[in-house]
Amino acid sequence: MSVSASQPAHGRVSDVSAPVSLKPSLIVRLVGLCVARAWLVVAVAILLCVAMTHYVTGHFAMTTETYALLSPKLPWRLREAAFNAAFPQDESNIVVVVDGQTPELSEAAVVSLAASLRAQTKLFHSVQRPDSGPFWAHNQLLFASTQDVKTFTAQLLKAQPFLGSMAADPSLRGLANTLSLAVQGVSNGQASPQELRTPMRTLTDALQGVAVGRSSFFSWRSLITRHEPDTRELRHIVLVDPVLDFSQLQPGKLPIDAIRTTAKRLQLDTAHGVRVRLTGPVPLQDEEFATLAQRAGLIACLASGAIILMLGFAVRSPWLIASILATTLVGLLMATALGLALFHRFNVISVALRYRAERGAGGDVGPALIATVRTMGKSLTLAAAAIGAGFLAFTPTAYYGVSQLGVIAGLGLLAALALNLTLLPALIALTRPPGASLRPSARLTRIDNYVLGRRRLVVALGAVAALISAALLPRLHFDFNPIHLRSSEVESVATLVDLMRDPDRSPNTLEVIRSNLAAADTLAGIFRTDPSVYSVHTLSSFIPTGQREKIAVIADAANLVDLTLNPLEVPTPPTDAELIDSLSRAAAKLRQASIEDPSLRADTPRLADEFEALARGSKSARAQAEEMLLPGFVTTLEQIRNLLQPGPVSIETLPPEIVRQWQTADGRARVSILPKGDSNDDVLLRRFVAAGEKIAPDATGTAIYLQAYGEAVVDAFIEAGVLSFVAICGLLLIALRRVRDVAITMAPIVLTGFLTLGSCVLIGQPLNFANIIALPLLFGIGVAFHIYFVMSWRSGGSHLLTSSLARGVFFSALATATGFGSLWASSHPGTASMGKLLMISLVWTLASALLFQPALMGSASLKNETAETTS
């Protein structure tokens with residue numbers, strides 16, 4: 001039979017108090033009407049769902065543009081906007097990174113790839129190489145030191161005989177003849193063995209690798225310059241502006257696939273000594289979506305199964321489970337149709353459990369629902385009002401993401417309250433789930449008695465835990481680097497991190513504008529003295545120093561090697577028979593040579609063996625050897641020809657596209673500062689930004705953007721939290737009319753917050769852009785739980801741990817924890833950190849609600865005695 005609010009179930013607890021400011025009769029009449037007209041309510045809900053589904057499918061849109069979530073009036077954003085207006089950045093949404101085993105392979109690969117992509121005009125607006133073009137091809141040597149220029153030309157002159165012979169016959173025949181003649185020169189004492197040691201050894205090793213099927217690569221540039229190539233020689237960048245299809249979940253899929261297909265067709269792979277990787281905004285976004293979707297099915301199944309399982313443990317009725325899930329899904333659809341993301345804060349499990357307690361083992365559905373709403377209606381309404389007011393208090397923050405979250409959640413709560421008071425009772429009335437007599441567990445009774453019997457100890461332990469957690473808070477930090485939220489295993493992220501380690505190519509720069517180039521150069525000189533700075537660039541950085549002396553040295557060398565590099569006559573390529581003959585004769589001459597140098601004496605017979613093996617081998621083996629050796633030589637020869645033709649460089653002769661990037665039409669000049677070390681390190685980046693802002697307070701750039709964005713988000717959440725706390729406290733004070741009751745409601749929430757953040761410090765989990773979004777959700781859940789308990793206590797309830805309310809709170813928290821906790825299994829680090837924080841906080845929310853708050857409140861008799869004393 002039904003049990004009224006004045007007659008608590010089991011004679012132990014009444015879950016909520018009598019109404020204070022709202023007329024429960026209005027809510028009761030509403031629920032009664034929905035129960036009496038259940039079919040009509042469900043039919044209206046179905047029609048609304050159909051209409052909302054049609055609207056959502058036609059109008060739903062989502063943006064991942066976080067840039068627009070902050071107020072454009074923030075000082076650092078104003079500086080950023082001014083810089084972007086003065087120096088518009090190229091739309092390079094895809095960055096193609098080409099790495100080669102040798103400089104020649106890298107250069108040849110990037111040339112062929114860029115040319116092929118430019119031809120695909122339907123997929124790419126533009127394809128650019130920032131480190132190439134006639135200017136760099138002819139003048140790159142001028143940017144080296146004078147000593148390095150002299151060293152290069154000296155090595156070039158030493159290699160002149162070798163280069164001349166190869167330039168005159170750029171084939172495997174020419175290589176064999178050149179080496180055999182060089183060895184004979186050493187044997188006759190006409191050449192120095194030191195000059196032949198490196199070529200002999202490297203060529204022999206490369207040919208041996210080809211013979212055994214091992215990938216081998218040979219660098220003519222390294223052979224000539226006598227030094228190992230650095231990253232700048234082995235790596236090239238292609239900036240691509242793709243045609244994006246925003247109607248797809250992955251707008252850049254077609255251009256990205258085209259780049260990969262082109263690279264595969266051109267054989268730009270590790271087997272051929274080249275690696276092509278993609279990064280940039282579009283690959284990062286598309287691959288992040290793929291990462292999020294990677295375990296989406298598994299996570300969805302885990303979450304759904306866990307929630308249904310927890311609901312089963314809680315209400316033990318398939319019909320009640322179906323009613324709860326249907327109400328939740330309708331609420332989600334309603335919120336989405338309104339452009340909202342649902343933040344469902346209502347304890348629908350408590351409603352279902354209370355209904356089962358009211359109905360008992362028998363009784364009618366209608367009276368049980370009416371009795372349920374008499375007891376639960378006010379707590380639901382007050383919780384909705386309090387949490388809604390708290391969320392709406394987010395609105396004034398400068399972070400639009402938090403502001404919009406407040407509006408969405410606040411309005412979503414009203415929709416969810418309406419559904420809990422209309423659709424849920426109608427569904428329960430139609431499905432007529434059986435009631436149940438909820439008897440308190442003996443174990444819970446002992447825990448309840450222990451908490452109430454040792455109230456001071458429990459409260460003291462909570463206070464000590466709060467103090468310890470508060471002491472840990474200075475160690476809590478916010479990880480403002482969005483790269484740390486992405487999986488480092490995906491190509492786009494790994495490539496970006498690799499670029500960040502290269503200080504020459506780090507995207508995390510500081511940018512400053514000065515009124516003229518002279519002022520910019522002065523500021524650059526100051527920055528160069530700071531230990532956190534790797535390099536500083538202005539337009540003057542593109543004007544080499546000591547040009548006259550360098551050009552003279554280069555011109556002298558060019559005159560001496562002109563005929564070497566540009567032979568008057570080049571024979572036709574040899575036939576295969578001619579090639580076999582030249583290899584055999586070269587091998588014989590190598591074996592006949594008398595070499596005293598130990599190193600050369602060991603390598604000469606090895607090279608002879610390889611020449612003989614090639615001569616006896618198949619035509620394809622000889623073709624493979626030519627493919628390894630000759631294209632690189634042709635590339636190097638052309639690069640040397642260009643380097644030996646520099647011209648005087650001045651601002652007037654610089655390419656217009658370079659000038660536009662560094663100086664405006666009205667003379668304002670740009671200063672770009674790069675950090676020393678790995679700019680993916682938060683500590684290093686903070687130090688770099690602090691030093692930069694001290695030198696130039698008006699600085700902007702990606703480094704400042706990352707840090708300022710994180711600080712703005714944290715400040716917005718702190719501001720929203722304070723405003724929300726004040727708003728909820730004010731509303732509760734109006735409704736409850738006692739400061740003590742408000743304090744009892746909010747104290748466990750504060751404790752939960754301290755324990756959650758303190759736990760994050762202990763396990764080394766920083767806050768970030770992903771998991772900080774969980775805090776408002778947890779705040780709302782906590783407020784609802786504690787309001788339910790306080791309202792029950794005010795109505796005279798005691799032994800709350802054994803009540804249907806405590807069971808509802810427990811399973812509601814458990815369902816939320818298992819549902820959201822499944823996010824922990826995500827391969828996306830940001831999503832996993834959100835699941836981790838949600839699990840931690842829900843555990844502490846449950847502990848504070850079921851242990852700390854009952855100890856604060858005490859028994860109903862104690863509360864009544866206190867109230868009488870106060871009166």
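Could you give the accessible area per residue of the range 522-588, probe 1.4 Å, as a whole number in Å²?
55
With a 1.4 Å probe and every protein chain left in place, work out the accessible area per residue of the range 629-753 in Å², rounded to a whole number.
Per residue, the range 629-753 has 43 Å² of solvent-accessible surface.
Mind checking the per residue accessible area of the range 111-188 for me, 1.4 Å probe, whole number of Å²?
Value for the range 111-188: 43 Å² per residue.
Sort largest first and round to whole Å: the equivalent ellipsoid semi-axes of the range 74-175, each the square root of five times a Cα gyration tensor eigenvalue.
Equivalent ellipsoid semi-axes, largest first: 39, 22, 10 Å.
Mind ordering 265-272, 174-181 by average Cβ neighbours within 10 Å, highest first? Don't jump to the answer; show the numbers that get you there.
Details: 265-272: 14.0, 174-181: 22.0.
With the highest mean Cβ count within 10 Å placed first, the list reads 174-181, 265-272.
Beyond 30 Å between alpha-carbons counts as too far, so tell me which of Lys150/Lys694; Lys158/Lys589; Lys158/Lys550; Lys694/Lys836; Lys253/Lys619; Lys676/Lys836 fall in that bin.
Over 30 Å apart, Cα to Cα: Lys150/Lys694; Lys694/Lys836; Lys253/Lys619; Lys676/Lys836.
Quick one: with all protein chains in place, what share of the accessible area of the range 562-694 is carbon or sulfur, to the nearest percent (1.4 Å probe)?
54
The values are calculated or read from the model by the stated rules, or taken from the named source; none is laboratory data. If you're wondering where the values come from, they're calculated on a predicted model, not measured in any experiment. Neighbour counts run over all protein chains shown; Cβ positions are idealised from the backbone, glycine included. Please note that ligands, DNA and RNA were not included when accessible areas were found on the heavy atoms of the full protein model with its side chains. Shrake-Rupley method; radii C 1.70, N 1.55, O 1.52, S 1.80 Å.
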